[in-house]
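Have a look at the structure below before the remarks.
The values are calculated or read from the model by the stated rules, or taken from the named source; none is laboratory data. Keep in mind it's a predicted model, so treat the numbers as computed, not measured. Virtual Cβ from ideal backbone geometry, glycine too; neighbours counted across all protein chains shown. For the accessible areas, the whole protein counts, side chains as well, though only heavy atoms, and no ligand, DNA or RNA atoms are used. Shrake-Rupley method; radii C 1.70, N 1.55, O 1.52, S 1.80 Å.
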Amino acid sequence: MTDIPTATDLRDRIMYHLTHTQGRGAEFATVFDWRLAVSFTIRDFIVTPWMAALRGPRDQGAKRVYYLSMEFLIGRILEDAIINLGLDKTMDEALALLDLDKQVVLDNEPDAALGNGGLGRLAACFMESLSSLRCPAFGYGIRYEHGLFRQRFESGQQVETPEDWLNQPHPWEFVRVDYSYNICFKGHVADVDGRAVWHPSESVQARAYDTPVVGWQGTWANTLRLWGAHPTTLFDLHRFNAGDYTAAAEPEALARTLSRVLYPDDTTDAGKELRLKQEYFLTSAALQDIMRRFLAEHGDLALLPEKVAIQLNDTHPAIAGPELIRLLMDDHGMDFARAQVLARGTLNYTNHTLLPEALERWPVWLMERILPRHMQIIRQIDADHAKTSGRPAHVGIIRDDQVLMGELAFIMAGRVNGVSALHTDLVKSTVFHDLHKLHPDRIVNQTNGVTPRRWLRMSNPPLTRLLDATIGTGWTADLDQLRLLEPHADDAAFRDALRAAKRANKVHLSNGLLADLGVKADPDAIFDVQVKRMHEYKRQLLNILEAIALWHRIHENPNGDWTPRVKIFGGKAAPGYWLAKTVIHLINDVARVVNNDPVTAKFLQIAYPPNYNVSMAEDLIPAADLSEQISTAGKEASGTGNMKFTMNGALTIGTLDGANVEIRELVGAENFFLFGLTAEEAAAEAATPGHARTAIEKSEDMKAALQLIAEGRFGRPDTYFSLLDRTWNDDPFLVATDFDGYFAAQRQVDAAYRDGPNWDRMAALNIARSGFFSSDRTIRGYMADIWHTVPAAI
Ligand code: NBG
């Protein structure tokens, strides 16, 4: 930023917005009024770089990147913007002049929870890095009125309530009534002189709501454009005048449902007509907007691949292939072959999961009904691919009367990428094995990353102060500079300072856990954290069974030399995912018993704060000593929480899965607690009949833990009957086989933690070697290998 204001300037600007934008006098202002006044003040500083970021690429005819995603898990915006603009110190002073408590103001902002988990949070980190790197880009998503549900626990069980972030004015967005597009559904396709003409029978209007995303140092801000659904027909005045108010508002209500709620599941095919409509709504609005801008700037459609790079975040926007072809053919009179070449030169697809239930497929009859013209084009793409690639019959896009969205995305993409080295290898050898053989150059890897501005500088002030003082501030924009810390790992004074920083975060968290949950977390105990969506493959069950087995062992030897530990869980289960909800119930049941057990209380505490979200992650991760990354090998595509923990100085206990593999390689095997089967071994084991029973019979600890649950020591046994039955007889995610290895690795953690200086040394080396996991590195990779773009000039 060029003109840095003084604190009194800032104070005056805040007062101006309080009075003139909020229309409040200071004596009546609520925290909400102050937060909006502060937000508008900060927003003013973003507008100038934002305008420049829109004008510059237009004037220079530069290539733009378009990131299409059904999810952007943004969290709070205000503090991130303050820090990226370099206004943190000045703002502290300004708020002090106004006698305002900064934390109270920041905490007033609701999380923008427009995502489920890793995929959505990755999109948000990418938006920040795109701006920090000055890569001209737009993010396109949906402006859900209700983000991810809120989670409460009632008698230990998850209860969902609607999230309501737009129930109050959202100060960061600008509505663009002039950027509206009709999105059509259903109807029929007529043949007019050999050309297809779609006569849709339904339509809604997509309206743009723009949020600028400012990058580090405030020189650039790209646009996150979220689409809200509005009716295309006005409400029925006749019916209204006749007193039928409900019927009069029907078109409005119908349209609104399209952007009403985020589907609360990122790993199963929702199989719902509304979901397909949402995906098309986003994709069509984005592509119409991209085409409008492109034509205004360039005119010549042949330039499309040179000026436009579109990234499909998973298969959710995979209808983009047929939609772009449709626009080029039906609106611009292009023939199919040429349209397909241009589309393929423009589109790219990121795969985020190998779980079969998460690979989207739509029944042909549904696709035909909702998008009849697109179904025609899909058949054309498939037939053309069969002809040109000589593919075997079983590799088609349409199989068993279903449209396979992964295959469609792959065939329509210039580049397909996985999200970690291991995942990309598995993408090649499993889901897209046949397509990879036909197109051996198409799949590339781009290991995920996270933005160090939010996940270090903003969320971990004690560590940030230590880093700044030790190696300067350059790491913020160039995370590889963390390497400069390495020599300090052997310096006792540095290690003590690192321990003090971690302890400050732990004390802060501990106070919160006591106030909110009544859990007494001793800041000198190991803070052992597993936070992520609740899913069987992520194996929260393994973690809680280990806690039970440990509790049991402490009881056998209550005077033993146990290393105190606080286990912290956080995460939501999809509302219909019964097994995941049972595990939540179990964790809460176990916590209640263990935390109140006078024999074990000083050694083991379990905390499960409800409603895990981005803001909670910002509190938990900096306070963690131990990061639980214990998925069944081969199942977690990458993980991104694992990276956040590492750069905040937590050590990992984990399997060789996703990006854990790369984390371990970089931080060094001696600074990582490894256990468990490899992906290859896990696949073989899962196919072995009776594997779970065999493993349980061999493990005294696991058997004891299961026995205690079955006896009803934590809650009514019938609650857990199915869970136990599945664990003994099925156990597809190999909790039993990996149990003993996990238990042993945890005892290594105990021993390592008791040697404080060595633990701190390992933590320092984890931080020093985590630079690779910046999303700046990831975005540079996409720019070089996939989008072929360069940063804008200053
Ligand atoms: C998730 C994977 C994670 C990965 C994120 C971001 C989906 C479908 N996939 O392992 O499970 O880190 O994507 O790539 O949400």
If the chain between ASP524 and ALA469 were fully extended at 0.36 nm per residue, the gain over the current Cα-Cα distance would be 17.3 nm
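If you take the alpha carbon radius of gyration of the stretch 518-643 and divide it by 2.2 N^0.38 Å, what ratio comes out, to two decimals? Could you put the intermediate results ahead of the total?
Numbers: Rg = 14.5 Å, N = 126, 2.2 N^0.38 = 13.8 Å.
After normalising by residue count via 2.2 N^0.38 Å, the value is 1.05.
Tell me, what is the percent relative contact order of the stretch 442-532, built from C-alpha pairs under 8 Å that lie six or more residues apart?
Answer for the stretch 442-532 is 20 percent.
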Where nothing but the Cβ of Lys and Arg (+1) and of Asp and Glu (-1) is charged, how large is the charge dipole of the stretch 103-184 around its Cα centre, in debye to the nearest 20?
-> 320
For the stretch 603-610, in order, what is each residue's ³J(HN,Hα) by Karplus, 6.51 cos²θ - 1.76 cosθ + 1.60 with θ = phi - 60°, in whole Hz (x at glycine and Pro)?
-> 9, 9, 10, 10, 10, 9, x, x
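Which order do the peptides 591-600, 22-31 take when ranked by the mean count of other beta-carbon atoms within 10 Å per residue, highest first?
On the way: 591-600: 15.5, 22-31: 13.0.
Order by mean packing, descending: 591-600, 22-31.
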Given the peptides 695-704, 98-107, 609-618, arrange them by the average over their residues of other C-beta atoms within 10 Å, most packed first.
-> 609-618, 695-704, 98-107
Rounded to the nearest 500, what is the chain's calculated 222 nm mean residue ellipticity when only DSSP H runs of at least 4 contribute -39500 (n - 2.57) each, over all residues?
-> -14000 deg cm²/dmol
What is the distance, in nm, between label points placed 7 Å from the Cα along the Cα-to-Cβ direction at ASN758 and at GLU250?
-> 7.4
Taking Lys and Arg as +1 and Asp and Glu as -1, residues besides GLY641 with C-beta under 11 Å from its C-beta add up to +3
Prolate/oblate/rounded call for the stretch 572-707, Cα gyration tensor, a/c under 1.5 rounded | rounded
Hey, for a label at LYS437 modelled as a point 7 Å past Cα toward Cβ, could you say which residues of the stretch 387-415 have their backbone N under 14 Å away?
-> 390-396
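What's the Cα-based Rg to Rh of the stretch 611-687, Rh via Kirkwood?
Ratio value, two decimals: 1.01.
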Can you tell me the equivalent ellipsoid semi-axes for the stretch 53-124? Use √(5λ) from the Cα gyration tensor, largest first, whole Å.
-> 30, 21, 8
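Considering only protein heavy atoms, with the full assembly of protein chains and a 1.4 angstrom probe, order ARG143, ARG225, ARG503, ARG465 by accessible area, largest first.
On the way: ARG143 40, ARG225 10, ARG503 95, ARG465 155 Å².
Largest to smallest exposure gives the sequence ARG465, ARG503, ARG143, ARG225.
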Report the calculated FRET efficiency for LEU295 and ALA393 (r = Cβ-Cβ distance, R0 = 56 Å), to the nearest 0.05.
-> 0.90
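Which entries in the list LYS602/LYS703; LYS506/LYS538; LYS272/LYS635; LYS506/LYS698 go over 30 Å, if you measure between the two C-alpha atoms of each?
On the way: LYS602/LYS703 25 Å; LYS506/LYS538 25 Å; LYS272/LYS635 25 Å; LYS506/LYS698 38 Å.
Pairs exceeding 30 Å: LYS506/LYS698.
Grab the Cα-Cα distance for ASN559 and ARG693, subtract it from 0.36 nm times how many residues apart they are, and report the gain in nm with one decimal. Spell out each step's value before the answer.
Details: separation 134, 0.36 × 134 = 48.24 nm, distance 3.28 nm.
Stretched fully, the ASN559-ARG693 segment lengthens by 45.0 nm.
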Pulled fully out, how much extra length does the chain show between THR6 and ASP725, if you take 0.36 nm times their separation in residues and subtract their Cα-Cα distance?
-> 252.3 nm
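Provide the FRET efficiency to the nearest 0.05 for the THR232-TRP365 pair, computing r from the beta carbons and using R0 = 22 Å. Walk me through the numbers before you get to the answer.
Values: r = 26 Å, r/R0 = 1.17.
The pair THR232/TRP365 has a calculated efficiency of 0.30.
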Can you give the FRET efficiency for LYS186 and ASP44, using 1/(1 + (r/R0)^6), R0 = 51 Å, r = Cβ-Cβ distance, to the nearest 0.05?
-> 0.70
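For Cα pairs less than 8 Å apart in space and 6+ apart in sequence, what is the mean separation divided by the residue count of the stretch 368-496, i.e. the relative contact order in percent? Before the final figure, lay out the partial values.
On the way: 84 pairs, mean separation 18.4, N = 129.
This gives 14 percent for the stretch 368-496.
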Can you give me the Cα centroid spacing of the stretch 158-201 and the stretch 407-457 in angstrom?
-> 29
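Taking Cα pairs under 8 Å and at least six residues apart, what relative contact order does the chain come out at, in percent? If you can, show how the numbers build up before the last one.
Values: 1483 pairs, mean separation 103.8, N = 794.
Relative contact order comes out at 13 percent.
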Between rounded, prolate and oblate, where does the stretch 102-253 land on the alpha carbon gyration tensor, with a ≥ b ≥ c its root eigenvalues, rounded for a/c under 1.5, else prolate if a/b exceeds b/c?
-> oblate
In terms of the Cα gyration tensor, with a ≥ b ≥ c the square roots of its eigenvalues, is the stretch 411-473 rounded because a/c is under 1.5, prolate because a/b exceeds b/c, or oblate?
-> prolate
Cα-based convex hull, the chain, per residue volume (Å³, whole number) | 175
First compute the accessible area of the stretch 93-226 with a 1.4 Å probe, then give the percent of it belonging to carbon and sulfur atoms.
-> 47
Cross-link reach list, lysines versus LYS307, counting only Cα pairs under 19 Å and skipping chain neighbours closer than eight places | LYS63
How far is the Cα center of the stretch 335-360 from the Cα center of the stretch 36-54, in Å?
-> 35
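With every protein chain present, what is the per residue accessible area of the stretch 519-598 (1.4 Å probe, Å²)?
Working: 2430 Å² over 80 residues.
Each residue of the stretch 519-598 exposes 30 Å² on average to a 1.4 Å probe.
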Sorted from largest down, give the three principal axis spans of the alpha carbons of the stretch 1-157, whole angstrom values.
-> 58, 46, 26
Zone residues, the stretch 474-494, relative to LYS89, backbone N less than 18 Å from point 7 Å out along Cα-to-Cβ = 474-477
Does anyone have the angle between helix 118-132 and the longest principal axis of the chain? Alpha-carbon axes, 0 to 90°, nearest 10?
-> 70
quick note, the chain, DSSP beta bridge pairs, % antiparallel (nearest 5) is 45
DSSP-loop chymotrypsin sites (Phe, Trp or Tyr not before Pro) across the stretch 164-267, with at most 16 other Cβ within 10 angstrom | PHE235
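Among 314-324, 295-305, how do they line up from the highest to the lowest mean number of other beta-carbon atoms within 10 Å? The partial results should precede the final answer.
On the way: 314-324: 26.9, 295-305: 14.0.
Put in order of decreasing packing, that is 314-324, 295-305.
What Kirkwood hydrodynamic radius, in Å, does the stretch 86-173 give when the mean of 1/r is taken over all pairs of distinct Cα atoms and then inverted? Don't skip to the answer; put the middle values down first.
Numbers: mean 1/r = 0.0616 Å⁻¹.
Evaluated over the stretch 86-173, this radius sits at 16.2 Å.
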